[in-house]
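Single-structure report; data block below.
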Amino acid sequence: MRIIISPAKKMKEDLDTLEYSNVPLFLEKTQRIMEVLKGMDYDALKALWKCNDQIAKLNEERLCHMNLERNLTPAILSYEGIQYQYMAPAVFETEAYHYIEEHLRILSGFYGMLKPFDGVTPYRLEMQAKLSVDGHKNLYAYWGEQIARQLLSETECIVNLASKEYSKCIEPYLTDDIQFVTCVFGEVIDGKVKEKGTYAKMARGEMVRFMAEHQIQKIEEIKAFNRLGYCFEETYSSEKIYTFIK
């Protein structure tokens, strides 16, 4: 079983808490993306990143001094978004770290796919960013089926906790023998399940923590998730969608 999650826009460097264990698998392809980004001027980068001047200047400075092999932070500690705050990996026990290293995969427009203890450097690049690399019109085309091929070589059972922006890297390449279950965290409004972005991110982080703490090995076991007021609801679920209602 593998769990897929999205990265976060906000990142930090942490060289003290834990050491990284490996470099990312697709580092050569990441190197090409970095070279393309370094060849862009400030205005083009700001437009690509869709951010304000403060964030753009920070990330331009990071890009200027970027080195993919030095001063690296374990990926799981580098991302700072809401999902990662609620996952709280910095306070995991040893068994939980072992669990996520085996089961958790972070999808990334810059790195492709990461294991939790792969060493990364802070970057800003969404998968849906309109960046042309080596003749490919965008990052989806640049990565192609490579991310999915690697993931599917590891497992035939996937828990999808990623946003649609990132699960799009995997879903087109699924075959009938793959069990792919998307978790939905929402509320029932007028008879329909509605997800709210912030709450869903919180719940995705809590789900990873729940799975790590309970050493979940079978996908059906995640139906016991009951944090942040969410509980599994059979009525709104199917073989491919597990719905948790607040």
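Brief remarks on what is shown
- Placing +1 on the Cβ of every Lys and Arg and -1 on the Cβ of every Asp and Glu, with nothing else charged, gives the range 2-245 a dipole about its Cα centre of roughly 760 debye.
- For the range 93-206, diffusion coefficient by Stokes-Einstein and Kirkwood Rh (Cα), 20 °C, 1.002 mPa s, µm²/s: 135 µm²/s
- Helical contribution to [θ] at 222 nm, DSSP H n ≥ 4, -39,500 (n - 2.57), averaged over the chain, rounded to 500: -10000 deg cm²/dmol
- Counted by Cβ distance under 12 Å from Glu95, the other residues give a net charge of -4, where Lys and Arg count +1 and Asp and Glu count -1.
- Residue-count net charge about Leu63 - beta-carbon cut-off 9 Å; Lys, Arg +1, Asp, Glu -1: +1
- Each of Asp176, Asp118, Asp41, Asp134 has some number of other Cβ atoms within 10 Å of its Cβ, and from fewest to most they run Asp176, Asp41, Asp134, Asp118.
- Helical segments meeting 20 Å axial Cα length and Kyte-Doolittle -0.5 threshold in the chain (DSSP H): 197-213
- Translational D in µm²/s for the range 109-172 (Stokes-Einstein at 20 °C, 1.002 mPa s, Kirkwood Rh from C-alpha pairs): 167 µm²/s
- Per-residue Cβ neighbour rank within 10 angstrom, fewest leading, Ile76, Ile222, Ile82: Ile82, Ile222, Ile76
- For the range 2-245: relative contact order, % (alpha-carbon pairs under 8 angstrom, 6 or more apart): 24 percent
- Value of Rg to Rh for the range 61-114 (Rh from inverse mean 1/r over Cα pairs, i.e. Kirkwood): 1.00
- Exposure proxy shown here: for Cys64, Cys51, Cys231, the number of other Cβ atoms within 10 Å sets the order, fewest to most, as Cys64, Cys231, Cys51.
- Shown here: the chain, whose C-alpha atoms stretch 52, 38, 36 Å along the first, second and third principal axes, sorted largest to smallest.
- Per the Kirkwood formula applied to alpha carbons, the range 147-246 shows a radius of gyration over Rh ratio, Rg over Rh, of 0.96.
- Positive contributions from Lys and Arg (+1) and negative ones from Asp and Glu (-1), summed over other residues with Cβ under 12 Å from the Cβ of Arg204, come out at +1.
Every read-out reported here was derived from the displayed coordinates using simple, explicitly stated rules and does not represent laboratory data. Note that this is a predicted model, so its numbers are computed, not measured. Reconstructed Cβ throughout: ideal geometry from the backbone, glycine too, with neighbour counts over all protein chains shown.
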